[in-house]
Amino acid sequence: MEVDDTDGGETSLRSKITSPGESLTSSQAFMRGHGTYVEDDEVIASVAGTVERVNKLITVRPLQTRYNPEVGDLVVGRITEVAARRWKVDANSRQDAVLMLSSVNLPGGVQRRKLESDELQMRTFFEEGDLLVAEVQAFFADGAMSLHTRSLKYGKLRNGQLVTVPPILILRLKSHFYSLPCGVDLILGLNGYIWVSKHVKDNEQEGEEGFDAEAVYSNQNDEIDDATRAAVARVSNVIRVLAAHFVPLNDTVLVEAYEWVVEQEYTVKDLLLREDVADALVSAVATARPDL
Amino acid sequence: MLSKSEKSYIRTSLLSEPPLRADGRSLLDFRGVAVELGVTALANGSARVRIGGDAGSESGGGGVCGTEVLVAVKVEVEDVSGSVDGGKGRMACNVSCSPAAYPSLTMLQLDDFQSDLTSILDTTLGCSSLCPTNLSIIPRKKAWLLHVDALVLADDGNVYDALFLAAAAALHDTRIPRTRPIEYRPNNARSQASADASDDPMDGASGLDTHAMPKATDFELMDYWDEGEPLVCPNGMSWPICVTLNLVPPLFYLDATTVEEDATLTRLLLLYSFSTNSSNTRLQGMRLLGHGEVEANLIKPLIREGEKHAKHLNQSLFAKLKSELTKRIPQIVPSTKRNK
């Protein structure tokens, strides 16, 4: 298919999915963007994805890709390494992210000076394997992202489980913290890591009254009742099913899907083990939200 | 790698009443298992097994890709005239792992893991009690050597069960080429006589006699409509099936995902083979993995429980293979249909 300037061409372009090596258009009239290369005066897709065009710039947005960070993004990550004055964090990006010791909240208040003793007890804050929610602060020269957790909303995660989806399915929204009505909190990391956990009431959130380092850096789960655990498992499976069918995720989709599952009285595992249930769920969500 | 709170969340969920797993399965539920036969054209038998992964999608879809193992069996002629065990043929197993399946492991760690997998597959399948009885080509001279090569394409937990399922399916799929022993006999007297009688050299007996004879020195491949005969497992036993019991005392669960495996201290691998016509069961192997400990008196009931699940797994695999293989009889293009 040739790309042309008419409106008809643009609409057909929008729905077009490329395969690597597919010729998109002539390079004389258009500029190549990400996901494309030029050969023999032709712009050719280098990845499988959807074609996008801004004026004369042709890009292909890949279907499966690593997370492309932007400053201000909310991400969920896992500590992979404790290094000198910094942690290395796996955030599903091309390189490990970096969390500097100076970018975390330390016990004793925000105004406190960083001490040498903090460097020696970095593992009491975060150790290998720990999950955290953070914000992308800046980029290093090599493109690695630097994170910070200098907010009471950010920090170590507990009381729940992690679900991984392709990052492209997480839309940029006003807030990425949700409380579902079923007593489950969700953190939709833009890197495709989704934290599903027990709901914590706002007034019980750690650090509300001053900063309670003990609670913020705790590894201990709260008491969680069976109903909440079941809800966490159900929400996780709903996310897995929707992700498997490439449904973009946000809170309304998830609430709708969750209510549909409860209404139809399916068990948690039906979603995972029965294809008919999964397909029905996806079509139910699609009919409820025709814009998706 | 999991955080402490994730580990404790998984363990508490498992030990709560009723037990709950991260994806809502009950303790003894398996994820969907897909078996596909005849996936590599150049091998004598091959199979691909996938446990879990996204339903219905070929390439993993948008979520996790599950555990995927590919096994190919290739036969090779081996000179066994010098061997001590009578030269009945043998199996050589090798397992390799795709680095993409274990992105967090270094090459050295990956090598270690590969040799772990190879050793358990090789010691179990290479056991003389499981050596197929029809590998001999010419007794005490030539025999088939079965190369069982496995490739772990993706690992989302329970790789041992997937490995043995794939190996069993591939061995079921394997066809040994039909052979006929031959002997070269220069029969001087008769050839001279026939040369006198007529000028046609094809007249009379040829130098190559292709009848079965006790002193055969070589063999030829028979041209036949199918690819050969299936492997015959001795005593009517099935190929070994592995069940991994993930122990969280006082209970255990099956088919752990990677995350659950990380949160489980001890795993008990049990390898069974079942007789196809009687209720005879053999325990082919057993491994205790991990750094936990197990009460000695727990082992016996675990072995009994494991047998039940292995039997169930074996029956489902057998039913699946049977339907796959009967589909392939009018064979022009090998049909490869995957099933959940």
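The values are calculated or read from the model by the stated rules, or taken from the named source; none is laboratory data. From a predicted model like this one, the values you see are computed outputs, not experimental measurements. As a convention, Cβ positions derive from the backbone with ideal geometry for all residues, glycine included, and neighbour counts pool all protein chains shown.
Laid out as a table, the results:
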item	result
Index of the failed condition, A:GLU256 passing every other in (1) touching a helix residue (DSSP H, G or I) at 6+ places or on another chain (Cβ under 6 Å); (2) of a type outside the set (A, V, I, L, M); (3) within 11 Å of chain B (Cβ to nearest Cβ)	(3)
Some residue of the stretch B:126-147 being under 23 Å from B:PRO230 (Cα atoms), touching a residue at least 12 places away in the same chain (Cβ under 8 Å), part of a strand (DSSP E or B) and under 14 Å from the mean Cα position of the chain (by Cα)	yes
Search result, residues across the stretch A:251-292 that are small (Gly, Ala, Ser) and under 24 Å from A:TYR178 (Cα atoms)	A:ALA257, A:ALA278, A:SER283, A:ALA284, A:ALA286, A:ALA288
All positions within the stretch A:113-136 that are more than 16 Å from the chain's Cα centre (by Cα), more than 13 Å from chain B (Cβ to nearest Cβ) and touching a residue at least 24 places away in the same chain (Cβ under 8 Å)	A:GLU119, A:MET122
Condition check for B:ASP200: at pLDDT below 65, within 41 Å of the chain's Cα centre (by Cα) and farther than 30 Å from B:LEU27 by Cα	no
Scan of the stretch A:224-244 for residues that are over 20 Å from A:THR164 (Cβ atoms), among the aliphatic types (A, V, I, L, M) and more than 7 Å from chain B (Cβ to nearest Cβ), ordered by number	A:ILE224, A:ALA227
Hey, A:VAL247 more than 7 Å from chain B (Cβ to nearest Cβ) and not in a helix (DSSP H, G or I) or not	yes
Unmet requirement for A:LEU57, which otherwise passes all of (1) buried (at least 17 other Cβ atoms within 10 Å of the Cβ); (2) under 24 Å from A:GLY143 (Cα atoms); (3) not assigned by TED's automatic domain parsing to the domain that holds A:ILE194	(1)
Residues of the stretch A:259-284 satisfying the condition of being more than 10 Å from chain B (Cβ to nearest Cβ), not in a loop (DSSP other than H, G, I, E, B) and not polar (S, T, N, Q)	A:GLU259, A:TRP260, A:VAL261, A:VAL262, A:GLU263, A:ALA280, A:LEU281, A:VAL282, A:ALA284
Odd one out for B:ALA72, checked against (1) within 14 Å of chain A (Cβ to nearest Cβ); (2) more than 30 Å from A:ASP225 (Cα to Cα); (3) surrounded by 15 or more Cβ atoms within 10 Å (Cβ to Cβ); (4) at pLDDT 90 or above	(1)
Qualifying residue in the stretch B:115-124 (condition: touching a helix residue (DSSP H, G or I) at 6+ places or on another chain (Cβ under 6 Å), within 22 Å of B:LEU37 (Cα to Cα) and at pLDDT 90 or above)	no
Test: residue in the stretch B:300-319 that is touching a helix residue (DSSP H, G or I) at 6+ places or on another chain (Cβ under 7 Å), buried (at least 17 other Cβ atoms within 10 Å of the Cβ) and touching a residue at least 24 places away in the same chain (Cβ under 8 Å)	yes
Residue count for the stretch B:6-23, restricted to those that are surrounded by 22 or more Cβ atoms within 10 Å (Cβ to Cβ) and without any contact (Cβ under 8 Å) to a residue 24 or more places away in the chain	2
The stretch A:65-97, residues that are in a loop (DSSP other than H, G, I, E, B), within 13 Å of chain B (Cβ to nearest Cβ) and under 24 Å from A:LYS174 (Cα atoms)	A:THR65, A:ARG66, A:ASN92
Residue count for the stretch A:160-181, restricted to those that are within 30 Å of A:ASP226 (Cβ to Cβ) and either part of a helix (DSSP H, G or I) or within 14 Å of another protein chain (Cβ to nearest Cβ) (or both)	8
Checking B:ASP112 against (1) closer than 24 Å to B:LYS322 by Cβ; (2) surrounded by fewer than 19 Cβ atoms within 10 Å (Cβ to Cβ), the condition it does not meet	(1)
Every residue from the stretch B:25-48 that is within 10 Å of another protein chain (Cβ to nearest Cβ) and either surrounded by 16 or more Cβ atoms within 10 Å (Cβ to Cβ) or not in a loop (DSSP other than H, G, I, E, B) (or both)	B:ARG25, B:PHE30, B:ARG31, B:GLY32
Hits in the stretch A:23-43 (condition: closer than 24 Å to A:PRO167 by Cα and either crowded, with 19+ Cβ neighbours inside 10 Å or of a type outside the set (Ser, Thr, Tyr) (or both))	A:ARG32, A:GLY33, A:HIS34, A:GLY35, A:THR36
Output for the stretch B:49-58, where each listed residue is assigned to a loop (DSSP other than H, G, I, E, B) and either at the interface with chain A (Cβ under 7 Å from one of its Cβ atoms) or in contact (Cβ under 8 Å) with a residue 12 or more places away in the chain (or both)	B:GLY52, B:GLY53, B:ASP54, B:ALA55, B:GLY56, B:SER57
Enumeration of residues in the stretch A:195-221 that are modelled with pLDDT of 65 or more, more than 10 Å from chain B (Cβ to nearest Cβ) and in a loop (DSSP other than H, G, I, E, B)	A:HIS199, A:VAL200, A:LYS201, A:ASP212, A:TYR217
Count of residues meeting criterion [surrounded by fewer than 19 Cβ atoms within 10 Å (Cβ to Cβ) and not in a helix (DSSP H, G or I)] in the stretch B:238-265	4
Unmet requirement for A:GLN64, which otherwise passes all of (1) without any contact (Cβ under 8 Å) to a residue 60 or more places away in the chain; (2) surrounded by 14 or more Cβ atoms within 10 Å (Cβ to Cβ)	(1)
From the options A:GLU70, A:GLU116, residue that is over 27 Å from A:PRO167 (Cα atoms) and loosely packed, with under 13 Cβ neighbours inside 10 Å	A:GLU116
Residue, farthest from B:VAL259 (Cα to Cα), within the stretch B:1-24, restricted to residues that are charged (D, E, K, R), in a helix (DSSP H, G or I) and within 7 Å of chain A (Cβ to nearest Cβ)	B:LYS4
Residues located in the stretch A:269-284, provided they are closer than 21 Å to A:LEU188 by Cα and at pLDDT 85 or above	A:LEU281, A:VAL282
Number of the condition not met by B:LYS308 [criteria: (1) within 21 Å of B:LEU121 (Cβ to Cβ); (2) modelled with pLDDT of 90 or more]	(1)
